[in-house]
1. So what's the angle, to the nearest 10 degrees on a 0 to 90 scale, between helix 39-49 and the longest Cα principal axis of the chain?
2. If you take the alpha carbon radius of gyration of segment 2-131 and divide it by 2.2 N^0.38 Å, what ratio comes out, to two decimals?
3. Please work out whether the chain counts as rounded, prolate or oblate from its C-alpha gyration tensor, where a ≥ b ≥ c are the square roots of the eigenvalues and a/c under 1.5 means rounded, while otherwise a/b larger than b/c means prolate and anything else oblate?
4. Pick from 151, 37, 207 the residue whose mean-square fluctuation is largest in a GNM of the chain, springs joining Cα atoms under 10 Å.
5. With a ≥ b ≥ c the root eigenvalues of the C-alpha gyration tensor of segment 104-262, is it rounded (a/c under 1.5), prolate (a/b larger than b/c) or oblate?
6. Given labels modelled 7 Å from the Cα in the Cβ direction, how far is it in nm from residue 156 to residue 198?
7. Compare 113, 203, 150 in a GNM of the chain, Cα atoms joined below 10 Å, and give the one with the largest fluctuation.
8. Once you put a point 7 Å from the Cα of residue 210 and another 7 Å from the Cα of residue 47, both along the Cβ direction, what distance in nm separates them?
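Just so it is clear, none of the values below were taken in a lab; they were calculated from the coordinates. As the structure is a computational prediction, the values presented were derived from the model and not from experiment. Neighbour counts run over all protein chains shown; Cβ positions are idealised from the backbone, glycine included.
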Ligand code: TXA
Ligand code: MG
């Protein structure tokens, strides 16, 4: 299949309405979109990504009012959507029947998200609800540029809608809102503190929680570049070399082949996956990533770093 490069969201919407696959820019990472109501299109998303079938997809909506069509919106869900939609938040709710079973992986819940990036909203304005996992091949870092998405999916999808590099750089916060207390399954730019301003008991999933409640995707190998990622929290671990990249808030010693010094944690999040991919493109064997305090957006950065280091 030849993958078309598009600039016009109306053309992307037309591809999607016909049941095709199209990469779209969101504010978090690029997504691989398809009609949420079309079992064949949904199946094609899993094939194009090489995604395990037990990992459900997020349904993207043009606005929060559409949530009731696909989910039983709980009081918790209602509150979260009112406060954070559109934006980098995904809410897990009891599913209404009718969606292709591959969307929910048969879990009985559905993840929904109202993105805020203008291009994806323009696409959603010309389609119905769209599934959109991150537009990477399974196991690779999420793409934050259209070029990174094309590198992974060229020849496997109908089109790529070109947009700017993504604003946030890491995937949305996934929150289980099936019960009275929001439970963060995947940390992101909507922070625990922000959630607690509304729901003081909101918490992040932890070791004490039964595995069944976790986000299935967090059990798969994830976010991993080919280069080995080392999380570095002490200057004595700094090890510059011609085969190594550095990303962090601090200026590293000279000798790293690739350096990303970030002025703050938001820039760190924005540049993280791109730095992973640049290191791989340069054939580097190691990425030293400086640890940050696991608070606010730092919690999400550390989550991605730990997963990449395990991968
Ligand atoms: O920022 C994002 O969320 C991006 C953009 C494109 O919107 N999308 C994204 O999708 O990251 P994906 O498929 O790469 O990650 C979705 C995560 C996975 O960890 C998946 O297991 C989880 O959401 N998820 C989806 N449906 C779920 C459900 N019903 N219950 C629990 N977790 C769910
Ligand atoms: Mg993903």
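1. The two axes meet at around 10 degrees.
2. On the way: Rg = 13.8 Å, N = 130, 2.2 N^0.38 = 14.0 Å.
For segment 2-131, the normalised Cα radius of gyration comes out at 0.99.
3. Details: a/c = 1.88, a/b = 1.28, b/c = 1.48.
Taking the square roots of the gyration eigenvalues as a ≥ b ≥ c, the chain is oblate.
4. 207
5. Values: a/c = 1.88, a/b = 1.24, b/c = 1.52.
Here segment 104-262 falls in the oblate category.
6. In this crude label model, residue 156 to residue 198 measures out at 3.4 nm.
7. Greatest mean-square fluctuation among the candidates belongs to 203.
8. Taking the simple label geometry, residue 210 and residue 47 are separated by 3.6 nm.
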